[in-house]
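Take a look at the structure set out below.
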Amino acid sequence: MLTTAIGVVVIVLHVAGVLAAMHAVMNTRTPQGAFAWALGLVFLPYVTLVPYLYLGRSRFHGYIDLHRARRGQIQALYAEHLADASPPVVSERYGEIARMLGARFHEGQRLRLLVDGDATFDAMLAAIGEARQCVLVQFFIFHDDMLGRRMQQALIDRVRTGVDVCVLYDGIGSHALPHAYVDTLRQAGVNIHPFATQRRSNRFQLNFRNHRKIVVVDGKRGFVGGLNVGDEYLGLKPPLAPWRDTHLEIEGPAVADLQRSFAEDWHWVTGVLPPLLKPAPARGTAHTLIAATGPADRQETCSLFFVALIHAARHRLWITTPYFVPDLAVMAALRLAVFRGVDVRVLIPSRPDHHTVFLASSLYAHDAVRAGIRVFRYQPGFIHEKVLLVDDDTASVGSMNLDNRSFRLNFEISALNVDRAFAAQVEAMLDNDFAHAHEVTEAEYEKAPYLRRLAMHVARLFDPVL
């Protein structure tokens, strides 16, 4: 009897594996991902079937259909209420990015570079404390720790003065957030919701996370970048401390596009729009485009965003990223930049927060070095910043990593800024970061033990879900 039962289970698993493999072939976004899933599901369903249920889903039609149907309506509504009266800024250098995203450059933005967690949350909490009408808050991660409770109290204080407060957090990114934390905010009057691409709870849905970090205060001051709400982002949690990250504060018409991105996600979750508030007039010098990307877009907009910026570089391209797992298009663009004579540098961590991604990144770092790309490892602590500097006038700050999750599976946002003064500030910041880094050589890979090199190659097989 036992043998018969085991045989039945094996047959059922293999049948389920074949059916799942057919689903993977039809629905996985890349041929490499489809092949990897199908191979594992057919021959090793005992190992791959459960992970596929969590990680293999590549479509979420309900969100896509509503997102595309309502996006135009929301954009029209926001244009009516928040439109910048000035004509669109024409920037043919990055025109393909604007056209791809249906976005625009706004001129006259006032920018403030926030170079670490202390500077970021000091500025952000101060701005929230000055709110008079509305605060919009969106983070991938909230933690119930010292910083999380500071943010919680700041939002409660604003609600008590009559300010509308809307909060989105990612249901998976904030999986450890206690219900009591959310309940305390909700009972105080904060309108708070978890983001998910399906309105009905789905325990098997781990992909398509909302990785955006947005704060907008009274429609006039906007914040975007790489930091979440937790003590580790202040460098208070070894062994990754000190934590290196960067955020950006924006004042000007581009803040309306941060509001619009938040509104699209908020409308999906709640069915209503947050308050519409006019941005501040143009009083700065920067031209800024808000690049909101995600898996509901018709194109792979995040990957193409990086490719376009890399192709635009003529003499310098500096990139910082915690996860260096580029796809073929991005890696090819980096190689071509080297052939153009561009100073291409990539700054990555020297210690892991996710071991599998770190191993895959190490192999890509080796490939990059062999292609003439200079790769550096940041030494003092973990580097999490997502910054890109092009030549002497362009800098992007946001939530986008150089990995498949950002390229194809996550909702991301960055501010692309064209301004020589701001680019000079970013250059000075990155100069300091590179001064605290060691350059990677081919010897790092070649002198590594065989089993570690094997682990790097195995880790790279998981590119589609890293």
Notebook entry, point to check: If you go through the range 327-353 one residue at a time, how many are among the acidic types (Asp, Glu) and either without any contact (Cβ under 8 Å) to a residue 12 or more places away in the chain or closer than 11 Å to Val307 by Cα (or both)?
Noted result: 1
Next item on the list: Go through the range 427-460 and count every residue that is surrounded by fewer than 15 Cβ atoms within 10 Å (Cβ to Cβ) and farther than 25 Å from Val344 by Cα.
Entry: 6
Next item on the list: Can you give me the number of residues within the range 365-387 that are within 22 Å of the chain's Cα centre (by Cα) and under 19 Å from Asp403 (Cβ atoms)?
Entry: 11
Note to self: Given the criteria surrounded by fewer than 23 Cβ atoms within 10 Å (Cβ to Cβ) and over 20 Å from the mean Cα position of the chain (by Cα), does Arg405 qualify?
What the structure shows: no
Notebook entry, point to check: Do any strands (runs of 3 or more DSSP E) lying entirely in the range 211-251 carry at least 2 residues that are out of contact with any helix residue (DSSP H, G or I) (no Cβ under 8 Å at 6 or more places or on another chain), and which ones are they?
Noted result: 247-251
Check: Does Leu402 satisfy being over 15 Å from Met456 (Cα atoms), at pLDDT 95 or above and assigned by TED's automatic domain parsing to the domain that holds Val418?
Finding: yes
Next item on the list: Only one of these is assigned by TED's automatic domain parsing to the domain that holds Glu446, closer than 30 Å to Ala241 by Cβ and modelled with pLDDT under 95: His354, His366. Name it.
Entry: His354
Notebook entry, point to check: Which one of these does Arg314 not meet: (1) surrounded by 24 or more Cβ atoms within 10 Å (Cβ to Cβ); (2) touching an Asp or Glu at 6+ places or on another chain (Cβ under 8 Å)?
Noted result: (1)
Checklist line | Any chance Lys220 is among the charged types (D, E, K, R), surrounded by fewer than 22 Cβ atoms within 10 Å (Cβ to Cβ) and more than 19 Å from Thr285 (Cβ to Cβ) | finding: no
Notebook entry, point to check: Residues in the range 403-444 that are hydroxyl-bearing (Ser, Thr, Tyr) and either in contact with a Lys or Arg (Cβ under 8 Å, 6 or more places away or on another chain) or without any contact (Cβ under 8 Å) to a residue 12 or more places away in the chain (or both): how many?
Noted result: 1
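For every residue, the table says whether it meets (1) out of contact with any strand residue (DSSP E or B) (no Cβ under 7 Å at 6 or more places or on another chain); (2) closer than 30 Å to Leu328 by Cβ; (3) in contact (Cβ under 8 Å) with a residue 60 or more places away in the chain.
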residue	(1), (2), (3)
Ala241	yes, no, yes
Arg244	no, yes, yes
His247	no, no, yes
Glu251	no, no, yes
Ala256	yes, no, yes
Pro275	no, no, yes
Pro281	yes, no, yes
Leu289	no, yes, yes
Val307	yes, yes, no
Next item on the list: Being exposed (fewer than 14 other Cβ atoms within 10 Å of the Cβ) and of a type in the set (Gly, Ala, Ser) is the filter; apply it to the range 137-186 and report the residue that is farthest from Val269 (Cα to Cα).
Entry: Gly162
Next item on the list: Give, as residue ranges, the strands (runs of 3 or more DSSP E) completely inside the range 365-436 that count at least 2 residues that are under 17 Å from Ile97 (Cα atoms).
Entry: 387-390, 394-398, 412-418
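The values are calculated or read from the model by the stated rules, or taken from the named source; none is laboratory data. This structure is a prediction, so every number in the text was calculated from the model and none was measured. Cβ coordinates were reconstructed from backbone atoms using ideal geometry, including for glycine residues, and neighbour counts include every protein chain displayed.
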